[in-house]
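The values are calculated or read from the model by the stated rules, or taken from the named source; none is laboratory data. Computed from a prediction, not measured in an experiment: that's the story for all the values here. Ideal geometry is used to build each Cβ from the backbone, glycine not excepted, and the neighbour counts take in all protein chains shown.
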């Protein structure tokens, strides 16, 4: 992961831990252990989702930068005749993958696994754990709020707006 990503997750971990600990403590006093467990599991699920999403986005960006037609691949703008090439034969289908699309599946395989794995984890947490669904949702929302706080804190380190 890049330098900015490492710094973001270095700020994100204490934010999620603090928010989940405070909300879980209040929930334990007010409602009971099942709501506090839901908050903790929801915060952990949110952290895993953000971590895997960040890894997938960085992988896609590295693929885009390494391809010859990527945003930084060439210094000159594309020729409009190259974009609209009507000289292709009818035998070649416009739906055939390009050479760069064929070489990339081994790099992109993790992004296709992320959503089913997270959905399965959420189903297992909500079905088999004694956690309450509203606690899980609250923990997930707290992890998103922690991500906002960590992004603001990381951007202040760089002295730029988030």
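Looking only at the stretch 129-162, count every residue that is touching a helix residue (DSSP H, G or I) at 6+ places or on another chain (Cβ under 8 Å), assigned to a loop (DSSP other than H, G, I, E, B), farther than 14 Å from residue 45 by Cα and modelled with pLDDT under 80 and tell me the total.
Number of matching residues: 2.
Are there any pairs, at least 6 apart or on different chains, whose C-beta atoms fall under 6 Å, with the first in the stretch 53-67 and more than 13 Å from residue 5 (Cα to Cα) and the second outside any helix (DSSP H, G or I), and if so, which?
63/104; 64/70; 65/72
Of all residues in the stretch 1-33, which are out of contact with any helix residue (DSSP H, G or I) (no Cβ under 7 Å at 6 or more places or on another chain) and within 19 Å of residue 133 (Cα to Cα)?
Across the stretch 1-33, the qualifying residues are 21, 22, 25, 26, 29, 30, 31, 32, 33.
How many residues does the stretch 118-140 hold that are free of Cβ contacts under 8 Å to residues at least 40 places away in the same chain and within 20 Å of the chain's Cα centre (by Cα)?
The number of residues fulfilling the criteria is 3.
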